[in-house]
Ligand SMILES: Nc1ncnc2c1ncn2[C@@H]1O[C@H](COP(=O)(O)OP(=O)(O)OP(=O)(O)O)[C@@H](O)[C@H]1O
Ligand SMILES: [Mg+2]
C-alpha cells in the first residue's frame with residue numbers, strides 16, 4: 001500500500017506542485033487548504049507524514065505542528081515545514097515547534113522527494129507505484145479567454161470519436177457556465193449537476209454512463225450544469241475521481257478548461273496526459289501563455305506534456321509567428337488559420353466543422369489535428385480497418401507526399 005502524506009497549504013498552486021511531486025513517485029497525497037482542515041484531515045486520514053506551509057491565515061504552520069505533536073498519534077510521525085523565505089529565524093521556529101525538517105520555497109521536486117523518502121525511511125516502509133492505464137486525456141487551456149478553447153475542444157473530441165469509432169468523451173470543466181452541450185446541439189438532460197454533490201468515493205462507471213450525453217458521432221459529453229450554482233459543490237477531489245473512472249471506459253478524454261488556476265482546473269490539468277495550450281497572435285495572449293508555461297513548470301509538468309497551438313481567431317494584424325516563438329522560447333506545434341465565420345456559424349448551428357464539413361479545408365485541418373493528437377499506437381493502425389475519417393486522413397497524407405515528390 002502506498003504511504004500517505006498530508007500536505008497543508010493555502011496556495012492551490014503550491015498544493016498541486018507538492019502533490020504532483022509526491023504522487024509521481026507513488027505516494028498517496030491528502031490535501032488540506034488551511035490549518036484547521038489540516039488538523040481534521042490528520043485525524044480522519046491518519047497520514048504517515050505531514051508537510052506544513054508556514055504562512056497560513058488563522059492557524060499558521062507552527063501552531064498546527066505544535067498541536068499535532070501534542071496528540072499521541074503524531075508525537076513521532078515525520079513533519080516537514082515549507083518556509084517561504086528560508087530565513088534562519090523561520091527554520092529555528094519550525095524546529096522548536098516540533099518539525100523534523102524544513103524546505104524553502106520554491107523547491108525542486110527531486111529534493112522534496114529525497115527529503116520525504118529519507119524522513120519516511122527513518123519511520124517506516126517504501127512507496128509503491130501508481131497503476132498505468134491506456135487512455136489519453138487532453139486538456140485544452142489558455143489563461144486568456146476567447147482564443148478558441150471551446151471551439152477546438154468540441155472539434156478535437158468529435159474528430160477523435162469519428163477517427164476511432166467512438167471511445168471518446170468531452171468533459172466541460174467550465175463550471176461558471178460552459179457551452180459544450182450547446183455547441184453540439186445536445187439538450188442538457190444530464191450534466192455535472194448530477195454529480196456535483198456526490199462524494200468522490202461514490203463515483204462509478206455506471207453512474208457516469210447515466211450522466212454523459214450521447215452525440216450521434218459516438219462522442220459522449222459531460223456538460224457543465226446550466227446554472228453555475230449547481231456546479232458550485234464540485235471539488236478537485238471529485239474531478240480527479242470522475243476523470244479516474246472515465247479513464248477506464250474511454251480511449252480519449254478531451255477537457256474544455258476555464259481560464260484560471262482554481263482547484264478544479266488544477267485537478268483537470270493534473271489528470272491530463274497532454275495540455276494543448278492555446279494562444280492567439282496578440283500580445284496579451286502571448287503574455288498569458290508565458291505565465292501559463294511558468295506555472296506549468298512550477299507544477300512539475302514536463303515540456304513534452306505541453307503542446308502549443310496558435311489559433312488565428314481574428315482576421316488581420318496578428319503578431320508574426322517567429323516573434324511569438326522567440327518570445328515563448330519554443331516553437332509552435334500546431335497553427336490554425338483564421339477561418340472567417342465558419343467556426344462561429346457551424347458552432348451556432350450545433351454542428352462542429354469536423355463533423356459537418358470534413359472534406360472542406362477547415363474540416364480537413366481539424367480532422368488532421370485530431371489525428372495528430374491521437375495515441376501513437378492508434379496512428380500506426382493499419383488503414384484496412386479504418387473509419388471513413390481515418391481513410392480521409394491517410395488520403396490527404398498521401399496527396400501531400402505526392403505533391404512533395
Ligand atoms: N480559427 C478561427 N477563425 C475564426 N474564428 C474563430 C477561430 N477560432 C475560434 N473562433 C471564434 O472565436 C470565438 C471564441 O471561441 P471560443 O468560444 O471557442 O473561445 P474560448 O477560448 O472557449 O472562449 P471563452 O473565454 O468564452 O471560454 C468564437 O466565436 C469562435 O467561433
Ligand atoms: Mg470556452
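Only the coordinates and a few stated rules stand behind these numbers; no lab work does. As the structure is a computational prediction, the values presented were derived from the model and not from experiment. Note that we place each Cβ from the backbone using ideal geometry, even for glycine, and neighbour counts take in every protein chain shown.
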Can you tell me the relative contact order of the chain? Whole percent, Cα pairs under 8 Å, sequence separation 6 or more. 16 percent
Taking Cα pairs closer than 8 Å and at least 6 residues apart, the relative contact order of segment 4-123 in percent is 23 percent
So for segment 259-405, averaging the separation of alpha carbon pairs under 8 Å that are six or more residues apart and normalising by length, what relative contact order in percent results? 16 percent
List, largest first, the extents of the alpha carbons of segment 277-405 along their principal axes, each in whole Å. 44, 35, 34
Sorted peptide list for 60-70, 293-303, 266-276, criterion being average Cβ within 10 angstrom, highest first: 266-276, 60-70, 293-303
If I build a Gaussian network model for the chain, linking alpha-carbon pairs within less than 10 angstrom, which residue out of 182, 347, 210 has the largest mean-square fluctuation? 210
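For the ranges 305-312, 280-287, 390-397, 325-332, what's the packing order if you count other beta-carbon atoms within 10 Å of each residue, average per peptide, and put the highest first?
Ranking the peptides 305-312, 280-287, 390-397, 325-332 by packing returns 305-312, 280-287, 390-397, 325-332.
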Rg to Rh for segment 4-123: what is it, with Cα atoms only and Rh by Kirkwood? 0.91
From DSSP H assignment alone, runs of 4+ in the chain each adding -39500 (n - 2.57), the sum over residues rounded to the nearest 500 puts [θ] at 222 nm at -13000 deg cm²/dmol
Which percent of the Cα-Cα distances in the chain go past 27 Å? 55 percent
So, in nm, how far is label residue 55 from label residue 399 when the simple model puts each one 7 Å beyond its Cα toward the Cβ? 5.9 nm
In degrees, nearest 10, the alpha-carbon axis of helix 12-23 is tilted away from the dominant principal axis of the alpha carbons of the chain by 90 degrees
So if I restrict to the alpha-carbon atoms in segment 46-96, what is the Rg, and what is Dmax, the biggest pairwise distance, in Å? 10.8, 31
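Among 143-154, 334-345, how do they line up by average Cβ neighbours within 10 Å per residue, starting with the highest?
For the peptides 143-154, 334-345, the packing ranking is 143-154, 334-345.
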Between 19, 264, 76, find the one with the highest GNM mean-square fluctuation for the chain; connect C-alpha pairs within less than 10 Å. 76
Checking 155, 348, 14 against a Gaussian network model of the chain (alpha-carbon springs below 10 Å), the top fluctuating residue turns out to be 348
How many angstrom lie between the Cα centre of segment 61-95 and the Cα centre of segment 326-398? 53 Å
Compute the Cα gyration tensor for segment 168-262, then decide on rounded, prolate or oblate, letting a ≥ b ≥ c be the square roots of its eigenvalues: rounded whenever a/c is under 1.5, prolate when a/b is larger than b/c in the other cases, and oblate in all that remain. rounded
Given the Cα-Cα distance of residue 388 and residue 108 and 0.36 nm per residue of separation, how much length would full extension add, in nm? 96.0 nm
Quick check: the angle from helix 109-123's long axis to the longest principal axis of the chain, C-alpha only, nearest 10 degrees? 40 degrees
